[in-house]
Structure formats: structure tokens, C-alpha cells
Amino acid sequence: MAGFSPKFKEALSLVQKPGRYTGGEPGCVYKDKQNVDVRMAFCFPDTYEIGMSFLGEKILYDLLNRHENWWCERAFMPWTDMKEQMERLGIPLYCLESKDPLTDFDIVGFSLEYELCYTNVLAMLRLGGIPLRAADRDERWPLIIAGGPCVCNAEPMADFFDVMQLGEGEQMLQDICATVETGKKQGWDKETLLRELAKLPGVYVPSFYDVTYLPDGRVEAITPNRPGVPARVTKAIVKNMDDYAPPVNFVVPLVGAVQDRACVEVLRGCVRGCRFCQAGQIYRPFRERSPQQISDCARELCRRTGYDELSLTSLSTSDHSQLEEILDRLNSWAEADHVSLSLPSLRVDNFSQSLVEKTTKVRKSGLTFAAEAGTQRLRDVINKNVTWEQIERGCRIAFSEGYTSVKLYFMMGLPTETMEDIKGIADTAQRVVDLFYQISDRPKGKGVQVTISVACFVPKPDTPFQFCAQDRREALREKQKYLLSCVHSRKIKVNYHDSATSVLEGVFAKGDRRLGRVIETAFEDGAFFDTWEEYFDYDRWMRAFAACGIDPDFYNYRALGLDEVTPWSHLDVGVSHSFLVREYQKALQAQTTQPCNRQCSACGANKLLGGPCFDYRQDLL
Amino acid sequence: MTTVRIFFEKCGESAYISLLDLQRVFHRLLKISELPVWYTQGFNPHIYLSFSCPLSLGQESLCESCEVKTEQESIDGEAWRAALQPLMPRGITVTKVAPAQAKVGEIATAAYRITMPADSAAALDAYNAAETAEVTKKTKRGHKTLDLKQYLPRIDYTVAGKELVFDILLPCGSGEALNLNPALLMDCLNGQGGAPAWQCQVLRTHLYTASGQDFA
Ligand code: SF4
């Protein structure tokens, strides 16, 4: 039967949701491997359900497979029961399309979306029978590469990857595949291949750089150790979104994914410049897709996949300058095609009546607003340019439209935060509750539910807050207790996430190359699925740090000097160091910065476009 | 309104698609196909779709079916089949699309072809020699013990090389009617030293009505 070995059948018969491991979903690409020159295994270091919700993989799967002689397949981290069976039965990690083991591929690529997936990368390499460290692999092994936002500080994982991609993969990954194809045909050794790859925009070859340290442990310098290797790697971007049409077909998961719907990326980057937000900085500059392309591709995608829900994704969809036109175009066919629209990232400050009407024709679910901080002062510090008046206006519209539940997102542990700001979180929620009962056309006969969701702030590289120390767990616990004591209404619910994982996240976000040993040690001691609370073991990590003689506090609880050489200083995402320093200093004085579409703050990212980001002669707002 | 039955094989990869997931997949495929299927009325219209006698995960079948409705009086079955097949997940082959002749409730028995490693012969011999073969069946109301020998007094098998093969007929019904999953027999044989389930293939070959007709 279809090449399923008895071993494989045995494993499948013993695990939950075997459909995650069989492949065969509609939309899969199959090719004859005899006629293929480059085989790429696209690995997502988390479960099938999470990986299949990830748009980046769909974009690259589509782009690579358009090349007739390349074949890109998928692999995910098997859940613990399947991992156990695969280990017991000696089934190496394989790709879902061909069921061939990772070692049969030319390129094995990992998407690094969050720091806590690092041990899963090692687990997948181990399951694939591939040596973990780049130094232990010669040209007989697949080229192990990484991409994704975490590469902006690639260093903690630098020992494990041959190549890391800084920036957007659309062109870069195709360039890598083309170079690998040439290398295979010409019989290059690994050194030659890596040298050629290092010439490509955005490609970072960690082994081509030496890191030296000061006696106090800080980085002294990061220097290329080969001639012709750039001192700084500059992020690759797609200059014009319309040049890379979004995929019009998806592999449609058989086992429900977390986000099982059609999605089209409407814009990239963010104009806002929130100072805590890494995505807002590293995806600069802001670029939009045209309404026509969005609508045409969305329609085709819904037709081909049969999805009845369409999500317009981006960091800040409502900042698209032609959002109303996009919605009008989509609404012209959506209803007839039985498709409903959702906008996942609405902003309180431009949440308008007509926007609500255009997106809620079909269903009314809860509304979410990211207020991020409880007082105006702190919102100014983080440059979250949202005022109470805007929150009030947004909620007022929403309540009159029939919404009865509102979720407010906040962060705790922000720079300059005081207990006053914590109380402000509870006060904001209370004011929303009060507002509901003041509105005359509120939904009748229903109560209001306000949920406060609080995340721990983690300082991230390439943000103005990279210089800040992370709040200690004890301090966060105090703040959490205080917040609960400030909430007096049963209509308000508080969701709080534990800070143990945030500690690790903070350490790896700002870590250097020496942390590779810690990650490997923790992995060998049984760490994987660290994103899953039931498998995350803080003490195991602390043991790993101790065993390696490394103090984690050095990375996350220490403020960086403004002139310090950071472990990511050789990786240029576009925003300049001087901009980050300027923004940091403004933050300390609670001064805000205008969004990019109103005024350019000269962050430097426009050099990636080769011109200004916006045409300010037009009245954009 | 015409009730249309879609017959399909469910083998290979697709044997691991659960009923819930299969329903979701078919909804989407029918939507993509733009075939004139009937949508339920109401606030949130969706395609009317109903599967008969679904299999357990890992079992394969040559005779699965589901039904949809259409407002058309007659359909071109071959056109429907051709429209659906390219959209199917791997392992699902649409064999026939035609107006339903029987009701799902008329299904009475299912035939299965079981393939096992040849060294499971002893377990089958033991089964044939035994007076009773008690198994526990999970039902909605708890556990129920029944004697398989009542339904399968004897299993005649043939050995071919490393494998042995036999065909069985088991009660197969929906709702309150008795339904016996071949997994019960496989477990029972396993208890007598027969091969574990993953070394065996369970292939449903026919669904029959009470009069012995192929369910159509
Ligand atoms: S260069 Fe100016 S407009 Fe462009 S991203 Fe930077 S601050 Fe914004």
C-alpha cells in the first residue's frame, strides 16, 4: 500500500492524529525525483498544526516548486508520541510528499520564527540522522540553512547552520537553490559552495566570521575570516510586493491547522515604529500590495482551496493606504463565493464605522485591541500612539455594532514602568466596562466581557529597547499581583502568561554565539518543544547554563551600553544604530515619533529601496 | 431534489483521515468543484453532506460513500466524477457518482478482505476451534460483551507466500443497528498470538443491503 512500510504503519497505529504524518493533502506538489536537480526540505520546528498555519512556508513552497527542476517538500516536528515511535522503530525524519529522509535532500531549511523553537531544530536534525554542528558536516550532508525573523540575531544558532538568511526569502532562497544547483553540477566542495553563497544578498555564512570577546564577556569584534566576505550582511527584501504575487494555491491540511483559512499578505513592514516591537523594525520599510493583486489572488486562492474564510494578513492591515478599496473589491465577489473576510490586526486608532461594516457582514466575533500599556505616559514611552479617546471611540462603534466582548492586550515589564502604569491597565479595562453601560444602543439584554491579556515584555535586538534590561521574574510577579488587586469587576478577566519562558526568550534574543553550547546541552538533556508549557523545564535550562559556565543573566538582565558591540552588529536589517539610540533616548523622555507615512524619521531602512519610502507630497492620510 | 451518492476508495495516505477531517475536506472540495450541490438554508448555509458507515483510522476501503443533494433532476455522474477526482487527497479515488438508490439505513453488512502475515494462521486455527470468542465492544452506553462466533462461526483463509488472506462479512449498520468493527476480530486474533494490527491490512470491499444487494 502506497509505500507505507510495516514500521511506518506501526508508528501510525500508535500515535494521536496520524494524519499529521502521512501527507497527501490536496495542493501537495509531487515531482519525479529522477528529473529534479535540487531537492529542498522545508522544515518547520513545531507541530504540523502550527507549521501549516504559517504563511511564509506557503509562499516559498509555491515559489520554489514553480521551478520545474526543483522540488520543495515539507517536514514538521513530530509530536512527542510520534517522535518516540520514530526513534524506537528507527524511522528517520522524512518529508511528507516523498516520504524520503532528510538526508536525501540537497538543502534542509528551517524557519526560525521564535527563540523557543531552537531545541526543536536540533531535535529534527537528530531525528534526521544529521550531525548538529555545521563544522561536523562536509559536502556529503545536506546544506542546513535557516531563515525567519530570529536570524536578525542569528548568533545563538550560528554553530548549527551552514547558511542563514537575513531578510525576505522570496528571491534569496531561489538564489540559494540556483547556486546549489550549479555547485552540484560542477562538483563544488562545501567551502566553494559557501563562498559563492556568501556573495548573495542577505546570505550570512556564520563560519566565515570570527567573534572575539572582551575580558568582561562582551563582544569585542565580529570579523570576516575570508577575503571577499562582507563585514556586514545586509538584509534582502522584496522591493515591490506586486513583483511576487502571493500563492494562489495552498496545501490544505487534512488535520485541522491553527489557522485553517485562506490568507493573503496585504502589506509588509509597519509604519508605526512601536519601540518594543521587533517585527515593526526588522520588516521595514513599509510596502503595500495593490488592491487589484490582493483581490484577484485572494479570489483564485479561495476557488482553488475551497476555503470559506479569507484573512488579510500583515503587521497592521488597517494601515494599508487603500484598505477601503481592497475591501470593496473583495466584497464584490466574497458573498457570492461563500467567503467571509477577517482582518486580524485592527488598530483602535483608525477603526471606523465603515470598516466594521465591511468586515462583519458575516460574523461577529470578539474584538481585540492592543493598547499595550495602561497609561498615556507609558504608551508615549513605547511609542504606541493610541489614546484613550481612540480606544473609547473604537469600543463605542463596536458596542453599537453588536459586539459584547473586548480583549485588551497589554505588556508588563516595559522600560520606565511603575505601579501607576500597572494600575492603569485595570483602570482602562474598567473604563471600557463603564462605557458599555453608558451607551444607549448597546446590545440589549447582554453583559459585556472585557479580557485583559498581559504578556511579559522581552527586549529584542534591532529595537530601541534592545539596550534595556528585562524585568526580573520577581518584579513581574509583584506587578501581576498588584494588577489583580486593582481589578474590581467580575466583567473583567485577566489572562497572564508565566514569565519563565520569557526569561529564556530574552536570553536567546540577545545572546551570542557561546549560547550554542547551552542549547545543545539542554537538548542532549532532553529539552525540546520548549514552546509547549508541559515540556518546558526551566531548571533543565539553568542546569545547562551552569554546565557550560555561562551566566544567563548577563544577556537579558544587563542593560547594554549605547556604544556596545552587539552580537548582531554585523547583521544589518536596515534600521541604523544611531536611529535606535535616538529613539531610545526619546523613549526615556516619553517623546513620541510620527509614523513613517506621516513623517520620515530617517531610520535608514529606505536604503534597501534605494529611495524614499513614501511620497510625502501626496496627502496620504 | 435529487440525492447523489459519491462512491470512492480510501486507501494509502487517506486511510488516516478521520471522519471529521474527511467531512471538512469534502466540504471544501465540493465548493471548489462548483458542482450544483444543495446548501442547507439558514443563517450560515453549508453544503448538505453525509457519510455512511465510516471506517476506523488505518483501515482501507474500496466502497466508501457519502451523499449530497442537488436541485437538478438528473446528473451526469461521469462529469461529477471527473470534476471531483483531481481535487481529492492522495489515496482517494472516486469510483462512481450516481443518484442514490438505497437509503443509508438499509446497509446491513460489510465485507472485508483481511491480509495478515502467514504466521498468524495458528491464531485463526485457534479461533476456528474455539467454542466462543468473546470480545468487548464499546458502545455509547458503555461496554458490551459479545461473542464473535455468533457472526463469524468459521474463518476460511488461504496462505499465499508470506501472507494469508481471508474474507469476512460483518453486521454493519448505523444508528441503533449493530455495527461490528473488524478491529474487534483483529484484536481477538492478536490475543491468540496473531499479528498486531499494523502488520495487517483491513480492506472493506463491499457494503450490502439486507437483501444482499450492493449498496448503491
Ligand atoms: S526611512 Fe523613514 S519612512 Fe522609511 S522606514 Fe525609516 S523612518 Fe520609516
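Shape index of chain A: Rg/Rh, with Rg the Cα radius of gyration and Rh the Kirkwood radius from the inverse mean 1/r over Cα pairs, equals 0.95.
Estimate the FRET efficiency between B:D119 and A:E84 by the formula 1/(1 + (r/R0)^6), using the beta-carbon distance for r and 22 Å for R0, to the nearest 0.05. Let's see the in-between values first.
Working: r = 27 Å, r/R0 = 1.23.
Given R0 = 22 Å and the Cβ-Cβ separation, E is 0.20.
Projecting the Cα positions of A:S440, A:P464, A:L483 onto the charge dipole of region A:418-486 (unit charges on Cβ atoms of Lys, Arg, Asp and Glu, taken about the Cα centre) puts A:S440 furthest along the positive direction.
A simple spin-label model places the labels of A:A602 and A:L55 3.3 nm from each other, with each point 7 Å out along Cα-to-Cβ.
Given a 1.4 angstrom probe, I'd like the percentage of the accessible area of region B:2-100 that is carbon and sulfur, rounded to a whole number. The partial results should precede the final answer.
Working: 2120 of 4060 Å².
On region B:2-100, the fraction of accessible area on carbon and sulfur atoms equals 52 percent.
Close amide H partners of B:I47, meaning residues 5 or more places away or on another chain with modelled amide H under 5 Å apart, are B:T40.
Put B:R113, A:R514 in order of accessible area, highest first, and with a 1.4 Å probe you get B:R113, A:R514. In terms of accessible area, using a 1.4 Å probe and ignoring ligands and nucleic acids, A:F44, A:F276 rank largest first as A:F276, A:F44. Counting heavy atoms of the protein chains alone, A:D243 has an accessible area of about 110 Å² for a 1.4 Å probe.
For A:Q174, what charge total do you get from the other residues with a beta carbon under 11 Å from its beta carbon, if Lys and Arg give +1 and Asp and Glu give -1?
Numbers: positive: A:R66; negative: A:E170, A:D175, A:E181.
Result for the neighbourhood of A:Q174: -2.
Compared with the alpha-carbon gap, the fully stretched path from A:M542 to A:K239 is longer by 104.8 nm at 0.36 nm per residue.
Measuring r between the beta carbons of A:R140 and A:V258 and using R0 = 41 Å, the FRET efficiency lands at 0.65.
How many square angstrom of accessible surface are buried between B and A, both sides summed, with a 1.4 Å probe and rounding to 100?
On the way: alone 11650 and 24540 Å², together 33920 Å².
Accessible area lost upon association: around 2300 Å².
Classified by the C-alpha gyration tensor, region A:51-166 has a rounded form. Its axis ratio a/c, with a ≥ b ≥ c, is below 1.5.
Helix content alone sets the calculated 222 nm mean residue ellipticity of chain A: runs of n ≥ 4 DSSP H residues at -39500 (n - 2.57) each, divided across all residues, give -10000 deg cm²/dmol. Taking amide H as placed 1.01 Å from N in the peptide plane, the amide H of A:S340 sits under 5 Å from that of A:E309, A:L310, each at least 5 places away or on another chain. Between A:G128 and A:L93, the built amide H atoms are under 5 Å apart, and every one of these is 5 or more places off in sequence or on another chain. Computed from backbone phi, the HN-Hα couplings of region B:149-163 come to 4, 4, 9, 10, x, 8, 10, 8, 10, 10, 9, 10, x, 7, 10 Hz, rounded to whole numbers (Karplus: 6.51 cos²θ - 1.76 cosθ + 1.60, θ = phi - 60°; Gly and Pro given as x). The simple Förster model, with R0 at 25 Å and r as the Cβ-Cβ distance, assigns B:T139 and B:L19 a FRET efficiency of 0.90. Relative to the dominant Cα principal axis of chain A, helix A:500-509 is inclined by about 60°.
The charge dipole of region B:78-138, taken about its Cα centre with unit charges on the Cβ atoms of Lys, Arg (+1), Asp and Glu (-1) only, comes to about 460 debye. Once Rg and the Kirkwood radius are both taken over the C-alpha atoms of region A:24-234, their ratio Rg/Rh works out to 0.96. Annotation: per residue accessible area for region B:2-100 equals 41 Å², rounded to a whole number [probe 1.4 Å, protein chains only].
Considering only the Cα atoms of region A:18-103, their convex hull presents on average a projected area of 5.7 nm².
With all distinct Cα pairs included, what does the Kirkwood hydrodynamic radius of region B:105-209 come out to in Å, to one decimal, could you say? All intermediate terms of the calculation are to be shown ahead of the outcome.
On the way: mean 1/r = 0.0704 Å⁻¹.
Averaging 1/r across every pair of different Cα atoms and inverting gives 14.2 Å.
Multiplying the residue separation of A:N249 and A:R617 by 0.36 nm and removing their Cα-Cα distance gives an extension gain of 128.6 nm. In sequence order, region A:518-534 has phi-based couplings of 5, 4, 5, 5, 5, 4, 5, 8, x, 7, 6, 6, 5, 6, 9, 3, 5 Hz under the Karplus curve 6.51 cos²θ - 1.76 cosθ + 1.60, θ = phi - 60°, and Gly or Pro positions carry x.
Phi-derived couplings, Karplus 6.51 cos²θ - 1.76 cosθ + 1.60 at θ = phi - 60°, listed residue by residue for region B:123-132: 5, 5, 4, 4, 4, 5, 7, 6, 6, 9 Hz, with x used for Gly and Pro. Accessible area of A:R558 (1.4 Å probe, protein heavy atoms only, ligands and nucleic acids ignored): about 60 Å².
Mean partner shielding of peptide B:2-13, defined as the number of other chain Cβ atoms within 10 Å of each residue Cβ, is 2. Taking the Cα centre of region B:105-209 as origin and assigning +1 to Lys and Arg Cβ atoms and -1 to Asp and Glu Cβ atoms, the resulting dipole is close to 360 debye. Accessible area of A:T368 (1.4 Å probe, protein heavy atoms only, ligands and nucleic acids ignored): about 50 Å².
Along the axis of the charge dipole computed for the protein assembly as shown (Cβ charges of +1 for Lys and Arg, -1 for Asp and Glu, origin at the Cα centre), the listed residues A:G604, A:G23, A:S111 are led at the positive end by A:G604. Accessible surface comparison of A:D530, A:D539, probe 1.4 Å, protein chains only, largest first: the order is A:D539, A:D530.
So, with +1 on the Cβ of K and R and -1 on the Cβ of D and E, and no other charges, what is the size of the charge dipole of region A:271-340 about its Cα centre, to the nearest 20 debye?
Details: 9 positive and 11 negative charges, 103 e Å.
Computed about the Cα centre, the dipole is about 500 debye.
Considering only B:V97, B:Y16, B:V4, the residue lying farthest towards the positive end of the dipole of region B:2-100 is B:Y16, judged by Cα position with unit charges set on Cβ.
The values are calculated or read from the model by the stated rules, or taken from the named source; none is laboratory data. Remember, it's a predicted structure, so these values are computed and weren't measured experimentally. All Cβ positions, glycine included, derive from the backbone under ideal geometry; neighbour counts span all protein chains shown. Note: areas computed on protein heavy atoms with side chains; ligands, DNA, RNA excluded. Shrake-Rupley method; radii C 1.70, N 1.55, O 1.52, S 1.80 Å.
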